[in-house]
Amino acid sequence: MSRYSVSEGIFIVRTYYSNNKSPIVTQRKFATEFKLKTTGPSVSTINRLIQMFERTCSVCDDMFGNVGRPLSVKTPEKIERTRQVFERSPRTSIRKAAQQVGIKRESVRQIVVADLQLFPYKIQIHQRLSQRSVEQRLEFANTIVEMIDNDQFDVNMLWCSDEAHFHLDGYVNRQNWRIWGTENPHFAIEKSLYPRRVTDWCALSSRGIVGAIFFEQTVNSARYVEALRNQFIPAIQSEPDFESMWFIQDGATPHRTNEVFDLLEEHFNERIVALGYPKSKNMGLDWPPYYPDLNPFVGLYQRQSLRWKPPEHRRPENCYSDSY
């Protein structure tokens with residue numbers, strides 16, 4: 001009730017009881033009495049004032065029950081009830097949990113974080129896989145494991161590649177833009193019809209990084225072949241064990257042309273993991289559906305951790321391209 005003076009509080013109480021306990025009439029007469037351009041106190045405010053008056057016989061701040069040291073709401077009983085609420089339904093919001101336990105939201109939040117040590121995990125969204133896709137991924141994993149066990153495949157000889165697109169025009173989050181004024185300023189930001197972007201391609205291995213190789217134009221088969229022939233392959237070809245190295249690429253359309261497959265066959269022969277390569281060249285391994293690009297064998301690295309030791313961390317000669 002600190003928002004209204006004592007005289008205003010007395011007027012609200014008198015008007016309320018003299019008009020058949022009608023908060024609406026009280027609201028209107030308050031606005032007329034004090035010459036307000038808007039309506040008077042809300043109905044909920046009037047009801048709270050009346051409840052306080054009936055409990056304390058006063059229109060001043062409610063001091064009922066606030067004398068002495070305040071009691072903590074984080075009692076063992078409240079903590080246990082909060083634990084049961086989230087145990088029954090982990091998706092319950094803090095607001096709903098506060099209603100069920102009967103304490104404030106901030107108190108529930110403190111109990112959840114400090115006492116129950118819970119963390120609000122977010123839902124993860126991933127691409128739906130068909131049963132056939134799951135079977136293909138499993139077959140691929142089993143094949144790799146078998147090759148490792150038979151010393152036909154060394155994870156230290158694997159080069160994984162991928163590309164990323166960087167938009168040059170930036171991104172405007174309209175939720176973070178607010179312009180206060182009496183009139184609409186009609187402020188706008190121009191946006192290109194065809195957004196400008198640059199593509200960055202690189203290859204990763206336990207031996208180092210080859211890249212970054214930038215494509216300012218759309219990546220097609222010819223430009224991809226040029227990058228492999230002039231930058232990637234020369235960067236690793238000087239290694240003494242180049243003849244044992246594997247190369248993996250994703251299933252992007254420019255990566256699956258005859259020109260690309262011919263170049264890969266020339267330098268890697270059957271040591272290729274690529275979508276469509278086995279069908280075209282009758283050798284190598286097919287790219288599994290929706291497989292991770294740069295860390296497909298992270299589990300195999302962990303599995304082999306007891307059998308192999310990582311080589312000395314170094315980069316091949318001319319590892320980085322001039323455009324990096």
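The values are calculated or read from the model by the stated rules, or taken from the named source; none is laboratory data. Quantities reported herein were computed from a predicted structural model and do not represent experimental measurements. Please note: Cβ atoms are built from the backbone with ideal geometry, for glycine as well, and neighbour counts cover all protein chains shown. Note: accessible area is taken over every heavy atom of the protein model, side chains too, but ligands, DNA and RNA are not part of it. Shrake-Rupley method; radii C 1.70, N 1.55, O 1.52, S 1.80 Å.
Which one of these is part of a loop (DSSP other than H, G, I, E, B), free of Cβ contacts under 8 Å to residues at least 60 places away in the same chain, surrounded by 13 or more Cβ atoms within 10 Å (Cβ to Cβ) and touching a strand residue (DSSP E or B) at 6+ places or on another chain (Cβ under 7 Å): 219, 198?
Being part of a loop (DSSP other than H, G, I, E, B), free of Cβ contacts under 8 Å to residues at least 60 places away in the same chain, surrounded by 13 or more Cβ atoms within 10 Å (Cβ to Cβ) and touching a strand residue (DSSP E or B) at 6+ places or on another chain (Cβ under 7 Å) holds for just one of 219, 198, which is 219.
Suppose the filter is at pLDDT 85 or above and either over 22 Å from residue 275 (Cβ atoms) or assigned by the TED database to the domain that holds residue 285 (or both); does residue 103 pass it?
yes
For the list (1) surrounded by fewer than 16 Cβ atoms within 10 Å (Cβ to Cβ); (2) among the hydrophobic types (A, V, I, L, M, F, W, C); (3) over 22 Å from the mean Cα position of the chain (by Cα), I need the number of the one condition that residue 129 fails.
(3)
Residue under question is residue 173, and the condition is that it be outside the structural domain of residue 248 (by the TED database) and farther than 23 Å from residue 260 by Cβ; does it hold?
no
Against the conditions (1) open to solvent by 90 Å² or more (accessible area, probe 1.4 Å); (2) assigned to a loop (DSSP other than H, G, I, E, B); (3) at pLDDT below 85, where does residue 169 fall short? Just the number, please.
(1)
Collect the residues in segment 1-49 that are open to solvent by less than 30 Å² (accessible area, probe 1.4 Å), of a type in the set (A, V, I, L, M) and either farther than 13 Å from residue 59 by Cβ or assigned to a loop (DSSP other than H, G, I, E, B) (or both), keeping them in residue-number order.
Selection gives 31 alone.
Would you confirm whether any residue within segment 232-255 is in contact with a strand residue (DSSP E or B) (Cβ under 9 Å, 6 or more places away or on another chain), modelled with pLDDT of 90 or more, open to solvent by 40 Å² or more (accessible area, probe 1.4 Å) and not in a loop (DSSP other than H, G, I, E, B)?
Among the residues of segment 232-255, not one is in contact with a strand residue (DSSP E or B) (Cβ under 9 Å, 6 or more places away or on another chain), modelled with pLDDT of 90 or more, open to solvent by 40 Å² or more (accessible area, probe 1.4 Å) and not in a loop (DSSP other than H, G, I, E, B), which makes the answer no.
Look through 73, 85 and report the one residue that is modelled with pLDDT of 90 or more and either open to solvent by less than 100 Å² (accessible area, probe 1.4 Å) or not assigned by the TED database to the domain that holds residue 10 (or both).
85
For the condition out of contact with any strand residue (DSSP E or B) (no Cβ under 8 Å at 6 or more places or on another chain), assigned to a helix (DSSP H, G or I), among the charged types (D, E, K, R) and open to solvent by less than 100 Å² (accessible area, probe 1.4 Å), what is the one hit in 109, 137?
137
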